[in-house]
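Chemist: Here it is, the structure, as structure tokens.
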Protein chains: 2
Amino acid sequence: MALRTLDDGDASPQDLAARAAWLYYVGGMRQDQIAEELGISRQRAQRLVARAVAEGLVKVRIDHPIGECLELERGLRQRFGLLRARVAPRADSGQDALRAIAPFAAAEMERIFAQQTPQLIALGTGRTLRAMIDQMQTINAGHHRMVSLIGNVAPDGSASFYEVIMRIADKTGAPHYPMSVPVMARDAEEFATYRSLPHVVSSRALAKEADVTVVGIGQMADDAPLYVDGFITAEELSSLRAAGAAGELGGHVFDSEGRYLEHPVNEFMVGVRVPQNDNPVICVAGGVSKIKALRAALKGGLIQGLITDELTAAEILSTS
Amino acid sequence: MALRTLDDGDASPQDLAARAAWLYYVGGMRQDQIAEELGISRQRAQRLVARAVAEGLVKVRIDHPIGECLELERGLRQRFGLLRARVAPRADSGQDALRAIAPFAAAEMERIFAQQTPQLIALGTGRTLRAMIDQMQTINAGHHRMVSLIGNVAPDGSASFYEVIMRIADKTGAPHYPMSVPVMARDAEEFATYRSLPHVVSSRALAKEADVTVVGIGQMADDAPLYVDGFITAEELSSLRAAGAAGELGGHVFDSEGRYLEHPVNEFMVGVRVPQNDNPVICVAGGVSKIKALRAALKGGLIQGLITDELTAAEILSTS
DNA sequence: CCATTGGGTGAGCATTTGCCCATCACGCGG
DNA sequence: CCGCGTGATGGGCAAATGCTCACCCAATGG
């Protein structure tokens, strides 16, 4: 945003990359034509296009409800009474699922932001939401507000890497209310302190009233994000699993029936649990590792919308 | 992998096309991989992708401010059949527009001068072209020639401040043919004298044959450059407006349809009108005040290229 | 029943793209 | 002042893509 070319037509490499990419993808020109047009070498044009893709300037969407995915979407909606269900085609586990889902989730977010009536949007954190944001188009949507469900400070004191609210704010210009405290308190005293902070009180209040909530989901295997990112210890993870943990939404752990556990980890989470009122909670998640958690969340009615990939959707529907 | 064919039996051709396109663009797979994945031939995969693109299933967006400008450029080219259109980002009226456009215009000039085959370049005058030159790089381009479209002597006998040809010559070392007479004659006799001067005759002849012509554009409001710079009186300006003047190119005034007026001011201009032959006339201009003039010039097909700013371009496209 | 037509198919080839590598310009520390 | 990375550049080539063509099949209509 800040540094737009003021005095130099050819300047900012990103501008040039964007221009080249536009000519290539939208304009349908060949790379040598682009090179000539921009007065650069063919190779440079090629690199610019590649760069624009790598930097995520180029967003591709396939505008077609693929039959199979539609079936799955319908299945999910019916089985779990969901309000929204989107299923991205194919995609295997892990990274692929993320890549597949992100554009769909981004489209859903844009749909939310495109609404005329001002919305209060609550947001979780995590890799999946980060990937989603990267796919979002910058749009002017200053009439909505966003609030974070969960603290944005990691255990080591750094800002959480997977914080998303600031990044969406960059793209939309919407006012936002991050929850600038640690995700989790270490003891009851700390917990009481955090919870009593005025901005936490107000953020929590806002989050509970959100018109729509968008979250990822965490699983409870050995590589559970809560553990990998250092929020809980290996012992706590074991203890949670012993207590029947199946997954977590915004750090709040629930069992395979979708009931929140009574467990120290849950007691000390500073953020709010996803609202359980009339306003929808949309979960963005995919990959085999998350299936158990998703199934539990769906069963417990914790979420009212799901954006996932084809294989995950099929798996959820086939075996639960 | 190849045995996916089993469950694809239901797919409609469009579904398949969408799926292939998705795997290609979003999934980043190669066409032969897609072919294998979907159990079809490589060619079919390629046809499916092409088809998806052709049917508009694939939507590509460039998430960068430049994207907008490129849209406008395409719009201008299409609407007015322009050969060249460049749109600089943002920029409000007046000075800002100039600052934004100048680098783009300079790049265009450099493109012209960078050509191998010798070009004969005709040039107008004015603030905009001056700003353009200031942005030009010095390049050695002695094989081109430049000729002025218009006299370079102001009514008070001084050299016109906005003469540009000498300055470009400084930067390029190209031989140049200024038109060293007043812009405008005061009566028929003077006019006949000027027009008969040998160097005027030859400059005029050259200008008419220019391979490319680059001009600014003048508007006809109270601060019309022709009037402000003292070439015409307030009465003449009023008279021109009464006759329907919408703008001027090189001092030659035209109406809102882009037809030159039959008016004393036009009769006594010593310079030539911009060529109306196969060789392009590029106009460099921006700012709201010039929109009326630009629209007229475009409508009348007086110019074949336009270098402007985003707001001006948007305005021209939206309301004409 | 056969000719026709329209869409789809793979082979083969031309074009376009992606990538590696030698080279060069530039900034930095010795 | 001189090497020494570091990163950009363009040449050249292999891979990937797009396109044409001859052919096939299935449906249609005489």
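Chemist: By how many degrees, 0 to 90 and rounded to 10, does the Cα axis of helix A:95-114 deviate from the longest principal axis of chain A?
Modeler: Roughly 90 degrees, rounded to the nearest 10.
Chemist: What does DSSP give for chain A in terms of the percent of beta bridges that are antiparallel, rounded to the nearest 5?
Modeler: Antiparallel: roughly 25 percent of the beta bridges in chain A.
Chemist: Now a separate question. Taking 7 Å along the Cα-to-C-beta vector as the label spot, tell me the A:Gln33-B:Val228 distance in nanometres, rounded to one decimal.
Modeler: With each label placed 7 Å out from Cα toward Cβ, I get 4.0 nm.
Chemist: Provide the net charge surrounding A:Asp229, with neighbours chosen by a C-beta distance below 15 Å and charges set as Lys +1, Arg +1, Asp -1, Glu -1. Show your work: numbers first, answer last.
Modeler: Details: positive: A:Arg127, A:Arg130; negative: A:Asp156, A:Glu163, A:Asp222, A:Asp223, A:Glu236, A:Glu248.
Computed value for this residue: -4.
Chemist: Oh, and also: Tell me the total accessible area that B and A bury against each other, 1.4 angstrom probe, in square angstrom rounded to 100.
Modeler: Numbers: alone 15840 and 15840 Å², together 27810 Å².
Summed over both sides, the interface buries about 3900 Å².
Chemist: Let me ask another. So, with +1 on the Cβ of K and R and -1 on the Cβ of D and E, and no other charges, what is the size of the charge dipole of the protein assembly as shown about its Cα centre, to the nearest 20 debye?
Modeler: Using Cβ point charges on Lys, Arg, Asp and Glu, the protein assembly as shown gives about 980 debye.
Chemist: Hey, rough spin-label estimate for A:Glu257 and B:Asn277, points 7 angstrom out along Cα→Cβ, what's it come to in nanometres?
Modeler: Here the answer is 9.1 nm between the modelled labels.
Chemist: Given a Förster distance of 30 Å, report the FRET efficiency between B:Leu197 and B:Val288 from their Cβ-Cβ distance, rounded to the nearest 0.05.
Modeler: 0.15
Chemist: Which chymotrypsin sites (Phe, Trp or Tyr not before Pro) from the range A:131-209 combine a DSSP loop assignment with at most 13 other Cβ atoms within 10 Å?
Modeler: Those that pass, being in a loop and sparsely packed, are A:Phe161.
Chemist: Here's a follow-up. In the protein assembly as shown, what percentage of the DSSP-assigned beta bridges are antiparallel, given to the nearest 5?
Modeler: Details: 21 of 65 bridges.
Percentage antiparallel, nearest 5: 30.
Chemist: For the range A:38-74, list whatever residues lose no less than 10 Å² of accessible surface once every protein chain is in place, relative to that chain by itself, with the probe at 1.4 Å.
Modeler: A:Leu57, A:Val58, A:Lys59, A:Val60, A:Arg61, A:Ile62, A:Asp63, A:His64, A:Ile66, A:Gly67, A:Glu68
Chemist: Considering only the other residues whose Cβ falls under 15 Å of the Cβ of B:Val153, what net charge follows from Lys and Arg at +1 and Asp and Glu at -1?
Modeler: Overall, the nearby charge balance is -2.
Chemist: Relative to 2.2 N^0.38 Å, what does the C-alpha radius of gyration of the protein assembly as shown come to as a ratio? Two decimals please. Before the final figure, lay out the partial values.
Modeler: Working: Rg = 32.2 Å, N = 640, 2.2 N^0.38 = 25.6 Å.
Here the Cα radius of gyration is 1.26 times the empirical estimate.
Chemist: Taking Cα centroids, how far is the range B:275-289 from the range B:181-212 in Å?
Modeler: A separation of 21 Å, based on Cα centres.
Chemist: I need the calculated FRET efficiency for the pair B:Val60 and A:Arg127, taking r as the beta carbon distance and R₀ as 25 Å, to the nearest 0.05.
Modeler: 0.50
Chemist: A follow-up question, please. Mind checking the per residue accessible area of chain B for me, 1.4 Å probe, whole number of Å²?
Modeler: 43
Chemist: Can you pull the mean other chain C-beta count within 10 Å for peptide A:21-34?
Modeler: 3
Chemist: Tally up the carbon and sulfur contribution to the accessible surface of the range B:65-319 as a whole percent, 1.4 Å probe, everything protein left in place.
Modeler: 50
Chemist: While we're here: For a quick check of your reading of the filter: which GluC sites (Glu not before Pro) in the range A:219-293 sit in a DSSP loop and have no more than 13 other Cβ atoms within 10 Å?
Modeler: Numbers: sites: A:Glu235, A:Glu236, A:Glu248, A:Glu257, A:Glu262, A:Glu267; in loops: A:Glu257, A:Glu262.
The qualifying sites are A:Glu257, A:Glu262.
Chemist: Return the distance in nm (one decimal) between the two label points of a simple spin-label model at B:Asp134 and A:Ala114, each offset 7 Å from Cα along Cα→Cβ.
Modeler: For the pair B:Asp134/A:Ala114, the computed spacing is 4.4 nm.
Chemist: Mean projection of the alpha-carbon convex hull of the range B:65-319 over all orientations, in nm²?
Modeler: Average of the hull's projected areas for the range B:65-319 equals 12.5 nm².
The values are calculated or read from the model by the stated rules, or taken from the named source; none is laboratory data. Because the structure is a prediction, the values reported are computed rather than measured. For neighbour counting, all protein chains shown are included, and Cβ atoms are generated from backbone atoms with ideal geometry for every residue, glycine included. Surface accessibility is based on the protein's heavy atoms, side chains included, excluding ligands, DNA and RNA. Shrake-Rupley method; radii C 1.70, N 1.55, O 1.52, S 1.80 Å.
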